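Okay, structure first, notes after.
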Amino acid sequence: MSGVPQATAAKIVVAGGFGVGKTTLVASVSEIKPLTTEAEMTMAGAQVDDVAGIPGKTATTVAMDFGRITLASDLILYLFGAPGQERFWFFWDELSRGAIGAVVMADVRRLEDAFAAIDFFEHRGIPHVVAINQFDGAPVHGHEEIRDALSVRDTVPLLMCDARHRESSKRVLVTLVEHAVIQLRMNTGGAALARP
C-alpha cells in the first residue's frame with residue numbers, strides 16, 4: 001500500500017553480568033510472550049556461578065532471551081538477552097552480529113561484573129548504554145561515582161532503571177536508540193537507520 005510507512009526493524013542486545021536483570025528487562029517490555037532459556041541452577045553450577053549478593057537466584061539463562069517491542073509505528077526492536085556467565089561469553093559475538101546497539105545492565109553491589117560487557121561493546125564499536133538496575137536494598141550512588149567506578153566514557157549514557165517496570169525499561173531502550181542513531185549518523189556521514 002502506498003502512503004503506509006515501512007517499519008524499520010532493529011536488533012538490540014541486552015548484556016551484563018550474572019543475575020543483573022537482563023531476563024527481567026526483556027520480559028518487562030516485550031509485547032510478545034518472551035522466549036527465555038532459563039534453567040534451574042544445579043549443585044554442579046553452584047561450583048561455578050557465584051550467587052553471593054543475589055538472594056533467591058534459582059535459575060539462569062543458558063542461551064538467550066528474546067522479545068519484541070514496537071517503539072513507534074515505524075520502529076520495532078528485537079531484543080536479545082545474552083547469558084551473563086563467563087562460560088557463555090563465546091555466544092556474545094553471534095548475538096551481537098547486526099545489532100544497532102546494546103544495553104549493558106549492572107548492579108551497584110557487583111559493578112565489576114559489568115566490565116566484560118562494557119569492554120566487549122567498546123572494542124567492537126557497538127553503541128551502548130549502561131543501565132544500573134536498582135535492586136531493593138542496594139546502596140545508592142551518584143551517576144559520576146558509578147561512571148568513575150566503571151571507567152565509562154562521558155559519551156556513553158548511564159541510566160538508573162528498575163528492570164521490573166515497563167516504563168523504566170522502555171526509557172533505557174529509547175535512550176539507547178537515540179544514542180545509536182547519533183553514533184550511526186556520525187559514522188556514516190548523516191545516514192540514519194537503513195530501511196529493510
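The values are calculated or read from the model by the stated rules, or taken from the named source; none is laboratory data. Nothing here was measured: the structure is a model prediction, and the numbers come from that model. Cβ atoms come from the backbone with ideal geometry, glycine included; neighbour counts cover every protein chain shown.
A quick yes/no check of all residues on (1) farther than 13 Å from VAL13 by Cβ; (2) touching a residue at least 40 places away in the same chain (Cβ under 8 Å):
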{"residue": "PHE91", "(1), (2)": "no, no"}
{"residue": "GLY101", "(1), (2)": "no, yes"}
{"residue": "ARG110", "(1), (2)": "yes, yes"}
{"residue": "PHE115", "(1), (2)": "yes, no"}
{"residue": "SER151", "(1), (2)": "yes, no"}
{"residue": "THR155", "(1), (2)": "yes, no"}
{"residue": "CYS161", "(1), (2)": "yes, yes"}
{"residue": "SER169", "(1), (2)": "yes, yes"}
May I ask you to verify whether VAL156 is at pLDDT 95 or above, surrounded by 14 or more Cβ atoms within 10 Å (Cβ to Cβ) and either polar (S, T, N, Q) or closer than 22 Å to THR23 by Cβ (or both)?
no
**Asked** Quick one: is GLY21 closer than 11 Å to ALA82 by Cβ and at pLDDT 75 or above?
**Response** no
Inside the range 176-196, the number of residues satisfying the requirement of being farther than 17 Å from ASP74 by Cα and modelled with pLDDT of 95 or more is 1
Filtering the range 60-85 down to residues that are over 15 Å from GLU31 (Cβ atoms) and either exposed (fewer than 13 other Cβ atoms within 10 Å of the Cβ) or at pLDDT 90 or above (or both) yields ASP74, PHE80, GLY81, ALA82
